[in-house]
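Worksheet for the structure shown next.
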Amino acid sequence: MMEICLKAENPMPAFFPVLQQRVDVEVPGSQSLESIITNVWGFDKDFAATKIGTVFLNGTPVDDMESTRVGDGDVVALSGPMPGLAGAILRKGSPFAGLRRAGRPETRSGDSGNRKDHIRIHVKLFNSLIGDMGPRLLQTGVILDRKTALSVLDSVAREPGLSVEKALVDGAELSAEEARRRLLEEGSRQVRFVCSV
């Protein structure tokens, strides 16, 4: 897998749309959603309780992040509090949860006790959480498909204040242009982006 390290004061302009569409993130083993947010990504429990208003696991609303386990290949969508009736119904722990059609969220892996050393989850961030959580995810590393990675590299080239610190491919250091060329030539490849400020 290609790894690109970005040095940027604010990498968010290049990643804003990507964080809404989906980024892949590797985390240690199967664990609760709350554990991933607090122990792996380093947000405190107060942040998880107050800033994260709506949570979906594989398209199903989540009320209790502590008891909801996340497995390999699961899609986790996180949003700040949403306004209106829809927001009230979908909000975690909502008294209107009975108005939802969906049932209990389940992991895609089929085995919530999956004991892999590392799993890959698909993460989507919305509204205020893009700015609140996005930079931390980018510091720990996000994995993008080839097409999306090329789009991000194009955005980086256009944004003042953004630059590629280094690109690593199979341990060899490349320039940003060489990394882009390799991505174009090699077809299906994934890229792990890590951002430092």
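The values are calculated or read from the model by the stated rules, or taken from the named source; none is laboratory data. What you see is a predicted model, and the numbers here were worked out from it, not measured in a lab. When we count neighbours, we look across all protein chains shown, and the Cβ atoms used for this are built from the backbone with ideal geometry, even at glycine.
Assorted remarks:
- Subset of the stretch 1-44 [assigned to a strand (DSSP E or B), under 11 Å from the mean Cα position of the chain (by Cα) and surrounded by fewer than 19 Cβ atoms within 10 Å (Cβ to Cβ)]: ASP24, GLU26
- Taken over the stretch 119-158, the criterion of being of a type in the set (Ser, Thr, Tyr), more than 12 Å from ARG22 (Cβ to Cβ) and touching a helix residue (DSSP H, G or I) at 6+ places or on another chain (Cβ under 9 Å) is satisfied by THR140, SER151, SER155.
- Condition check for ILE52: modelled with pLDDT under 90 and crowded, with 17+ Cβ neighbours inside 10 Å: no
- Candidates ASP154, ASP145: the one that is under 23 Å from ILE121 (Cα atoms), out of contact with any Lys or Arg (no Cβ under 8 Å at 6 or more places or on another chain) and without any contact (Cβ under 8 Å) to a residue 60 or more places away in the chain is ASP145.
- Qualifying residue in the stretch 130-152 (condition: modelled with pLDDT of 90 or more, within 16 Å of the chain's Cα centre (by Cα) and on the phi > 0 side of the Ramachandran plot): yes
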